[in-house]
Each structure stands twice: as C-alpha cells, then as structure tokens.
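All remarks here apply to the structure that follows.
The values are calculated or read from the model by the stated rules, or taken from the named source; none is laboratory data. These numbers come from a predicted model, not from an experiment. Cβ coordinates were reconstructed from backbone atoms using ideal geometry, including for glycine residues, and neighbour counts include every protein chain displayed.
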Amino acid sequence: MLKIFEDLGYKKQICKTCGNEFYSQVDRDTCGDAPCDEYGFIGNPATDKPYDLYEIQETFRNFLKDEGHEPIPRYPTLAKRWRDDVFLVGASIFCFQPWITSGLVEPPANPLEVEQPSIRLNDVDNVGRTGRHMTCFTMGSHTVINKPDNFIYWEDETIRLCHEFFKSIGINTEEITFIKSWWKGGGNEGPCYEVCCRGVELATLVFMQYKTLENGDKEEIPIKVVDTGYGLERIAWISQGTPTAYDACFAPVVDKLKEITNVEVNEDILARNAEIAGMMDIEDIGDIRELRQQVADSLDISLEEYLKNAEPMEAIYIIADHTRCLAFMLADGIIPSNVKEGYLARLVLRRTIRFMKELKMEESLSDVMEIQLDFLRKFYPEIDESQEHIMNIINLEEERYAKTIEKGKKTVKRTIKRLKKEGKTSMPLETLIDLYDAQGMPPETVEEMASGDKDFEVFVPDNFFTIVADMHEEDKVAKKETLDLDVPETELDFYKDIYQKESDGKIIEVIERGDTVNIILDRTIFYPEGGGQPSDIGIMSID
C-alpha cells in the first residue's frame, strides 16, 4: 500500500460485489462506483455549495495553480493535427502523445493544468439515457512529464492533490474511494486509480510507465507521465444533485429546448429514473426495451407512463449534448463528410436532426445551434469567432440530409425487394449499416419503411450508432509482417539515453526481401514506430 494512503487514513479493502481492490477511510462493503453503488447525490449534493461547469473549471484551475501548476489553453479536439492514429481528442493526454510523452518535444509547461474538451462516441447510444454519458466532456488534468534528470512527482503527490482538491470543494473524504485498476491507451499504459464518490467516478489517476508493444507485451519507458483526468461535468453534477449531468452543465440550453417543445415531465419520475437507469447502460443490458421495463417496474409505474416522461427528456438531453459536441468539432476545423473525422461529425449532426424530428420540432438545426452557441460563446471565445463558419456548415448539411433521405428511400425499397427475393425475412445488420454508411439512411427510417410489410422485418440494435462510430473512429492500421529469426536480441539504447544522437553497433544479420534490405544490429538508438509515434530517421555509416 502506498504511504500516502496510510498518511491520509485510507485502508485497503475488497468490494464484495465486483471483487475490485479499493482504498477508503472507512470500512465499507462496496467500492463506491456504479453498479455496486447507486447514485447517492441526486437531491442530496455531495459538496458544500453548488458549482456550475465553468465555476468548477475555474476552481480546479486555481487550486492547481496554487499548487505550482501552470494553466495552459485547451487544444483543438481534432487530434489528427498532430498524430496519425486517432481522429479526435478522447482525453487530455491525447494532446501530449506521442511527441511530448516520448520526450521528443518539451511540454508547454511542467507540471501543467488544462481543462480539455474531449470527444468520445463509443457510448453515443447511452447519451441522454443514463444521465452521465456525453459525447463531449471537459477533462480537467494536472499532467507531469517526469524525465530521468527532472523527476517532479509521482503517485503520492498525485493522490494527495486529488484528495485535497475534493476536500477543498466540500466533499466528505470518507465518501471517496480509490479503486485500483490499469489504464492503456495511445501506445502507453500503467497502473491507475479510479476515484469515486456516491456511485459515480469523478477522476482517474494514471501513472504511465510502459510502452505497449504490438504483440500485447509492455516495455518500461524512461519518461514517467502523471496523467490525470477529472470529469468536471460530473463534479458539477454531484455538487448540484440534479437528476442528470445535462441539467447541471447546460441547463440554459435544456430549459430553452423544453420551452420551445412544450415538454412537461414528472420531475419525481425523472429523479428516480436517473438513480436507477444511471447504474446501467446498453452494453450491460443489451436491449433498451428490457432496461426501460426494469426501470418502470422499480418505479412501480406502467411502461407507458414511464416512456411518456423519459423519452421526450432523453431527446432533449441528446440534442443539447450533440449540438455542444458539434460546436467544438466544427470550430476546431472538422468538416462533415463520409470519411474519417468528417464521418463522425456527420453522424452526430444527423443524429441530432433525428431526435429533433422525434420531438416534432418545427425549428431548423441552425435555430437550435444558435441556442447552444449563445450558451458557449461566453466561455469559449474561439467558438464565438467561428459562429458564421459553424452556421454555414449546419445549413448546408441540413439541406444535404433532406435530399439524401428522399434519394435513399428508393435504394431502401430496392434493397428490401432484393433481400426478399433471396428468401430473407429480415435485414442483416451489415446491410443496415451499409445503407447508413453509403446512402445516409437512418436505421429508424429504414425500420419505418419496412413496418408495413408483415413478411419482412428490420431490427435496429440499441447500440447501432456505437457500432458504426467504433468502425470509423480509428484508422485501420495494416498488420505488419513479422519474421521468425534466430538472432540475438537487439539492445535498445534509446531507452538508456533519449537524447543520444550517435552510437556504434555491429551488424548481426542482413535480410533482403525484394527491393527492401533489412539490417539487424546488436544495439540501436533508433526508436521504432509505435503508438502513433513515427520512427526515428537517420543515417547509417558502414565501415
């Protein structure tokens, strides 16, 4: 057990529900995270006062500034500007991989603090339903690049800072748990602690110290990185105790959408729904119909009454979340298209239109986008400056989408006719995905078009958009050819001195394959390609 846990009075324990190791100042049976613990803050805030998202960002920034960290501006959400393995910034550490974390480029500050907008679409089908999932969220981070000649701090200080920050905003530290885990991403990995309170994870503290090899093994690296991620939306949420994180973080947008759609709901049902549904997600349940029935049963109301309250608000939350995500995507230079990051932007944009139609909204997407931009411009001047650009794209995409639907309906009819001729009674998932990918046809529209045909069925998986987002979120990297050679292992000198520019070595094998000559040395300072980091380039002189 780390000394800092002993100093702060935390004891090692094992969760009786999930079996995970965790640390807490008090004896408890569960680890503090869902689904082992229900949300314990809805209607009962966990902090000594409420914070909105931008107040908690400022509080986080000032706390770390006082602790010797230099605040830096956010990076664009388009990670492809500086790395070739991912399209979008999915966490604050993405901004520093691979150049800074490998030591090739100096960090903008060390230690530093940043509040980084991050985009993840792997849970897009959960947005609006669980109360906590978002496509775009703000990751607060204090990051340290520890080099052999400049080691700043590691596990003990990281945990102390986390403990003190939550204590400073009035969270009872006896309600905090540190769950021991392991993190892997962007070509690096290391142990981590997930920090939870009253059923929700608030932060992850990662200690990056290994490079992930292509065969799945790991190799220790000389630069040790403290990579922390605080979910600032979730912290604002538990400080307010609202039914969902959307109500806490962009209430003005949610309220305006409720006003123009005339949506009225039972707040008691929504609050209890958030406590229960928030513990589950589509990946756990598999079928949203089953999830909805479980929640309705636990609320002791009919499924019809539950849906009457839940579905309109879910649509409003989705629209509020997705337009926020689009604002960052478009302001940071992403252009909607059918490929790569443009595909992801178009997915979010068209999904927004779909839920607007579910609410029978007469407003255009640009009208709704205006509401979101009015809310964001005060806090993100760069988005305000890009408003004309954003609105031009939104208007163009909305026009294109309407034309796509009309054109695509003919293709859907032909496809259903062909499948029936082949003897099929239902549409394969790959066909449904192809209609969406190639023709832009929303799966719900395809399902609706087939609904009158008693001999043919279209089933839309509840995680459909998660599936297609995962298919497009990362570049497909060609598998490299490997050779089974009986030669001594090469000594990797680049781990011993990352600044070394010259070295001597012996050639132990030469392999010619077509026009390619492979030279194997007994030792090398050339760093190989991996984790999005390009290989070193240099000159080899042979005596």
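For the reader, a short list of remarks on this structure follows.
- For the stretch 64-78, a tally of residues being among the acidic types (Asp, Glu) and part of a helix (DSSP H, G or I) returns 1.
- The residue list Glu264, Glu259 contains one member that is among the charged types (D, E, K, R), free of Cβ contacts under 8 Å to residues at least 12 places away in the same chain and part of a loop (DSSP other than H, G, I, E, B), which is Glu264.
- The stretch 79-95: number of residues that are part of a loop (DSSP other than H, G, I, E, B) and under 20 Å from Lys65 (Cα atoms): 0
- Output for the stretch 57-78, where each listed residue is crowded, with 16+ Cβ neighbours inside 10 Å, of a type outside the set (Val, Ile, Thr) and more than 13 Å from Gln116 (Cα to Cα): Phe63, Leu64, His69
- Complete set of residues in the stretch 2-22 that are within 30 Å of the chain's Cα centre (by Cα) and either assigned to a helix (DSSP H, G or I) or farther than 19 Å from Pro191 by Cα (or both): Ile4, Phe5, Lys16, Thr17
- Residues that are under 13 Å from the mean Cα position of the chain (by Cα) and closer than 17 Å to Val226 by Cβ, drawn from the stretch 103-139: Gln116, Met139
- Listed conditions (1) under 25 Å from Ile238 (Cβ atoms); (2) part of a loop (DSSP other than H, G, I, E, B); (3) touching a Phe, Trp or Tyr at 6+ places or on another chain (Cβ under 6 Å) are all met by Asp125, apart from (2).
- Residue, surrounded by the most Cβ atoms within 10 Å (Cβ to Cβ), within the stretch 155-182, restricted to residues that are part of a strand (DSSP E or B) and either among the basic types (Lys, Arg) or free of Cβ contacts under 8 Å to residues at least 24 places away in the same chain (or both): Lys180
- Test: Glu283 is out of contact with any Gly (no Cβ under 6 Å at 6 or more places or on another chain) and either modelled with pLDDT under 95 or assigned by TED's automatic domain parsing to the domain that holds Thr323 (or both): yes
Per-residue answers, yes or no, for (1) modelled with pLDDT of 90 or more; (2) under 30 Å from Gly538 (Cβ atoms); (3) touching a strand residue (DSSP E or B) at 6+ places or on another chain (Cβ under 7 Å):
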site	(1), (2), (3)
Lys413	yes, no, no
Leu419	yes, no, no
Glu430	yes, no, no
Ile467	no, no, no
Asp470	no, no, no
Val477	no, yes, no
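- Search result, residues across the stretch 300-343 that are of a type outside the set (A, V, I, L, M), free of Cβ contacts under 8 Å to residues at least 60 places away in the same chain and either farther than 14 Å from Asn266 by Cα or part of a loop (DSSP other than H, G, I, E, B) (or both): Asp300, Ser302, Ser337, Gly342
- Candidates Gly216, Gly278, Gly199, filtered to the one that is at positive phi, modelled with pLDDT under 95 and either surrounded by 17 or more Cβ atoms within 10 Å (Cβ to Cβ) or touching a Leu at 6+ places or on another chain (Cβ under 7 Å) (or both): Gly199
- Residue list for the stretch 386-423, restricted to those being in a loop (DSSP other than H, G, I, E, B) and free of Cβ contacts under 8 Å to residues at least 24 places away in the same chain: Glu422, Gly423
Yes/no per residue for (1) modelled with pLDDT of 95 or more; (2) among the aromatic types (Phe, Trp, Tyr); (3) crowded, with 23+ Cβ neighbours inside 10 Å; (4) farther than 27 Å from Gly140 by Cβ:
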| site | (1), (2), (3), (4) |
| --- | --- |
| Phe207 | yes, yes, no, no |
| Ile221 | no, no, no, no |
| Tyr230 | yes, yes, yes, no |
| Ala248 | yes, no, yes, no |
| Asn266 | no, no, no, yes |
| Gln293 | no, no, no, yes |
| Ala296 | no, no, no, yes |
| Leu307 | no, no, no, yes |
